[in-house]
Amino acid sequence: MTAREASVLYDVPGPRARRITVVSSVVAGALLLWALYAWVYRPLDARGQFAYDLWGPLVDPSNAAFPLVWQRLGLGFRHTLVAAALAILASLVLGTALGVLRFRLADLARGPRPRLRTPGVPVARRVPVVLWYGTERGIGAVSRVFVEFFRGLPVLITIFFTAGILSEYGVRTQPLYYLVVGLTLYNMVVIGEILRSGMANLPRGQQEAAEALGLSGLQTVLTILLPQSYRVMLPALISQVVVVLKDTSLGFIISYEEVLRVGGQLIQNLGNPIQVYAVIAVIYIGVNYVISRLAVYAQRRIARGRKTPPGAAVPLVTEPGGDVEAGVRGEAA
Amino acid sequence: MKMHRLMAVAAAAVLALGVAGCGGGSSDTSANPAVDTSASFAAGTTMAKLNKAQSIRIGTKFDQPLFGLKGLDGKPAGFDVEIAEVIAGKLGIPASKIQWVETPSKVREDYLAQDRVDLVVATYTINGERKKKVDFAGPYYMAGQDIMVKKGDSSITGPESFRSGDKKVCSVTGSTPAGKIREYLKDPASQLVLFDVYSKCADALRTGQVDAVTTDNVILLGLVDQSKGAFQLVGKPFTQEPYGIGLRKGDTAFRSFVDDTLEAAQKDGSYARAWKDTAGKVDAQTPTLPTIDRY
Amino acid sequence: MQVLVDNVDVFARGLYVTLQLCLLSALGALVLGTVLAAMRISPVPPLRWLGTAYVTVVRNTPLTIVFFVAAFGLPQLGSNADFLRIPGLDRLFVRLGTDLPFFRFAILALTVYTAAFVCEALRAGVNAVQPGQAEAGRSLGLTFLQNLRLVVLPQAGQATVVPLGSVVIAMIKNSALAGIFGVTGDLMQVSDDLVSARGLPLVPVFVGIAAGYLLLTVPLGLWLDRIERRRVVAR
């Protein structure tokens, strides 16, 4: 993966450089192992963190508590997946709508401004046009505020206050749906902006050709720009999936029983916080890593399928794995 | 292809983990309180409605050892849970038909006001502020705020020990004890640590980040029990925390019923048994029901 | 809304603590992230593997777990993050020097987590520089470090400002978790207190806390937008 940039920045190592590399690798490896042992293993061992009764229920199938522990973890994990899936679905649908809306409004705003005093056109015909224009600008401003608001707030706050405010005003349901609403409010905005910037960065020729064919603005977007934007921005969208999965762990603040909260309950019963969180971390890293690899794979498939060389119309999607932060100002964590 | 194999392995792992959670709950081994199957109530009362529906939604804590803690089997257990089952029994509803709802401290009043639960038995301290929003039956237990320290630490003898400014204390954000201990602190910014659950406070005490943990003495008892001898209670409660059963405001008939049930439970020994089965395993002194406040 | 006006000082104090937390973490993350990026593109394979492993693990872990490791794992390893009690700095940022380690743990957690994203943003920027530039540098005989310092990084700078900015904005939002892990007085914890302990109505408190965070993130975001628009025109 980094071979290309590696060979650009420095020469292919010769025999001397290779020898130095091997020696330094061995030395560095030994140093690392020693550091891990002295600073991580020894203190933990001194506090008894490697005792069997702390690890047993998690890793030893013959332990009495093992099936119960994994039942609870499995339940928590299922809840995590359910919340994430619902949030992703809702964010995709609403985010697409938002992205299309904002793109169209930006497009319309670029056009000529209708004037009340256009000579030759009767006033009666001009007023509704101007009013409609004003409404469009109004909606555009509102959508801008909406986007900046939910993009600038921490997701934790959004979830916490969504649950509270919805509850107070009569929408009473399980914590799952509050979590999904909170996550969706945030992610639809991010996805909307991803898609919008994808559409804006497509070559202008696409839009002009569509115009020449007589397609209306909305038709252009739906049939030509949006599908391409999805394809181009797929890695960024997939890393947003990873973000949603990680953010479901914030459901603890409204007592949603996802895997981290279940972990907390297990800790109350077994008294082994480090062990439980270590296992849950491994599960998360595993799942998210697979999803991230999916993004890399998708990126490569797209690059293979293109007829134009990559980079011609693609905004800085250089690092597979979705680091499309350059054009998107959206999601980094 | 490498990608396809990776995806296949991942999908299998995810399925396995998800299916693991599908196991049925284990059988209930503790003896459940008696269920009054012949109970009948005046028409129109909450009791009649619940009896007819044969189900009741009860709010309790899922993370307080000894009082309301969700066990490895996925069911809450503790003194609050037992008391709630006694009341449900008197309503003619078996323990298996109770819908347990998690009510952390901050949502207790809201859930009652929004009719999401019928009762709240969750280490719920009765105070004047809360009485404006909900009604209380009971009290069914008299707790007090206390301080927990590392075993052998005699430098902290009470809340006054924090006035000098060099002792650090931990509690849970938004709780009454946290607000109370603030009054004794010289500089909260450098003395007070707040987390979202008590187990984190216990961890912080164990590793020495803080010198003490403060909350109701029964919750501390649970933490002391779990600490396997590492912690001890200072043992001088400096407030009175009467635990009550929360109900919707204005439901006087239901409140009288619950009050009567509590007194009956004291008389027929089910109150004592509820304690012995749960918190009694750590604190052998079985309490008696405090005087019920029928206001 | 009277509630909001009455408690403005509470929100202001919370904002101040959050600001301190974010400033220090941003500094730390930028430094650590640069080191990581250098490791990931260096010619020494073990450094490359270490850097890649770090970024993969940290990017795929929820921040909650990273905070947990910092706040509860580190004490188990015997550390109170005392190395962060930098003598001059703790006069300016008082909480750095107190006995309570949770502010320092929060900074550590945010730094470690955000550094992975800073590293990726920097790498993306470096990749954006045309390869011909680096090749020309090599043909002139510049070593790896000289090449990086004199040719690649100055040009990468332009491309990395926007991704770095968005990483910093994300970090400001992530700092809300610090309030859950022992940092009393930060904006999230303050609002939790007002709503749960003092029972104040939700909407005014929401407005207050939203204003606090938006004050930090929106100006930064708008500035980034302006930079990006100028760059698009220049391209």
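Taking (1) buried (at least 18 other Cβ atoms within 10 Å of the Cβ); (2) at pLDDT below 85; (3) more than 9 Å from every other protein chain (Cβ to nearest Cβ) in turn, A:Asp60 satisfies each apart from (1). Yes or no: A:Ile165 outside any loop (DSSP other than H, G, I, E, B), surrounded by fewer than 19 Cβ atoms within 10 Å (Cβ to Cβ) and not acidic (Asp, Glu)? So A:Ile165 fits the description; yes. Counting the residues of region A:137-156 that are charged (D, E, K, R) and open to solvent by 30 Å² or more (accessible area, probe 1.4 Å) gives 2.
The helices (runs of 4 or more DSSP H) found wholly in region C:75-186 and carrying at least 3 residues that are within 21 Å of B:Gln191 (Cα to Cα) occupy C:89-92, C:102-128. Cβ-Cβ distances below 6 Å connect the following pairs, each with a first residue in region A:273-284 that is at the interface with chain C (Cβ under 7 Å from one of its Cβ atoms) and within 16 Å of B:Ala204 (Cα to Cα), a second residue that is open to solvent by less than 30 Å² (accessible area, probe 1.4 Å) and not in a helix (DSSP H, G or I), and a separation of six or more residues or different chains: A:Ile274/A:Gln49. The single residue among A:Ile267, A:Ile280, A:Ile274, A:Ile253 that is under 19 Å from A:Thr158 (Cα atoms) and not charged (D, E, K, R) turns out to be A:Ile253.
Among the residues of region C:87-125, write down those that are closer than 17 Å to C:Ala37 by Cβ, surrounded by 24 or more Cβ atoms within 10 Å (Cβ to Cβ) and hydrophobic (A, V, I, L, M, F, W, C). Matches in region C:87-125: C:Ala115, C:Ala116, C:Phe117, C:Val118, C:Cys119, C:Ala121, C:Leu122, C:Ala124. In the set C:Thr56, C:Thr64, only one residue is β-branched (Val, Ile, Thr), over 16 Å from the mean Cα position of the chain (by Cα) and at the interface with another protein chain (Cβ under 9 Å from one of its Cβ atoms); that residue is C:Thr56. The set of residues in region B:44-68 that are touching a Gly at 6+ places or on another chain (Cβ under 6 Å) and either open to solvent by 20 Å² or more (accessible area, probe 1.4 Å) or without any contact (Cβ under 8 Å) to a residue 12 or more places away in the chain (or both) comprises B:Asn51, B:Leu66. May I ask you to verify whether C:Ser166 is in contact with a helix residue (DSSP H, G or I) (Cβ under 6 Å, 6 or more places away or on another chain), within 7 Å of another protein chain (Cβ to nearest Cβ) and surrounded by fewer than 22 Cβ atoms within 10 Å (Cβ to Cβ)? It is false that C:Ser166 is in contact with a helix residue (DSSP H, G or I) (Cβ under 6 Å, 6 or more places away or on another chain), within 7 Å of another protein chain (Cβ to nearest Cβ) and surrounded by fewer than 22 Cβ atoms within 10 Å (Cβ to Cβ). Go through region C:191-205 and give me each residue that's out of contact with any Phe, Trp or Tyr (no Cβ under 7 Å at 6 or more places or on another chain) and either assigned to a helix (DSSP H, G or I) or facing another protein chain (nearest Cβ under 8 Å) (or both). Listed by number, the residues that qualify are C:Ser191, C:Asp192, C:Asp193, C:Leu194, C:Val195, C:Ser196, C:Ala197, C:Gly199, C:Val203, C:Pro204, C:Val205. When A:Leu260, A:Leu234 are screened for being farther than 30 Å from B:Gly174 by Cα and among the aliphatic types (A, V, I, L, M), only A:Leu234 passes.
Listed by first and then second residue, the pairs with beta-carbon distance under 6 Å, at least 6 apart or on different chains, first residue in region C:208-219 and in contact (Cβ under 8 Å) with a residue 12 or more places away in the chain, second open to solvent by 10 Å² or more (accessible area, probe 1.4 Å), are C:Gly208/C:Leu4; C:Gly208/C:Phe11; C:Gly212/C:Phe11; C:Gly212/C:Leu15; C:Leu216/C:Ile172; C:Thr217/C:Ile169; C:Thr217/C:Ile172. Across region C:67-86, the number of residues qualifying as facing another protein chain (nearest Cβ under 7 Å) and open to solvent by 50 Å² or more (accessible area, probe 1.4 Å) comes to 2.
Here's the yes/no breakdown for (1) polar (S, T, N, Q); (2) open to solvent by 30 Å² or more (accessible area, probe 1.4 Å):
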position	(1), (2)
B:Tyr140	no, no
B:Ala143	no, no
B:Ser161	yes, no
B:Gly179	no, yes
B:Pro188	no, yes
B:Asp225	no, yes
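Scanning region C:48-66 for residues that are buried (at least 19 other Cβ atoms within 10 Å of the Cβ) and under 26 Å from A:Val27 (Cβ atoms) turns up C:Gly51, C:Val55, C:Val58. Here the condition is being out of contact with any helix residue (DSSP H, G or I) (no Cβ under 6 Å at 6 or more places or on another chain), without any contact (Cβ under 8 Å) to a residue 12 or more places away in the chain, open to solvent by 30 Å² or more (accessible area, probe 1.4 Å) and among the polar types (S, T, N, Q); of B:Gln266, B:Gln285, B:Gln240, it holds for B:Gln285 alone. Restricting attention to region B:80-110, and to residues there that are over 19 Å from B:Ala274 (Cα atoms) and in a loop (DSSP other than H, G, I, E, B), which single residue is farthest from the other protein chains (Cβ to nearest Cβ)? Checking each candidate, the answer is B:Thr103.
Does region B:16-30 include one or more residues that are open to solvent by 50 Å² or more (accessible area, probe 1.4 Å), at pLDDT 75 or above, under 17 Å from A:Trp70 (Cα atoms) and at the interface with chain A (Cβ under 9 Å from one of its Cβ atoms)? The answer is yes; a qualifying residue exists.
The values are calculated or read from the model by the stated rules, or taken from the named source; none is laboratory data. As the structure is a prediction and not an experimental result, all values here were calculated from the model. All Cβ positions, even for glycine, are placed from backbone atoms using ideal geometry, and neighbour counts span all protein chains on display. Surface areas here come from the heavy atoms of the whole protein model, side chains and all, with no ligands, DNA or RNA. Shrake-Rupley method; radii C 1.70, N 1.55, O 1.52, S 1.80 Å.
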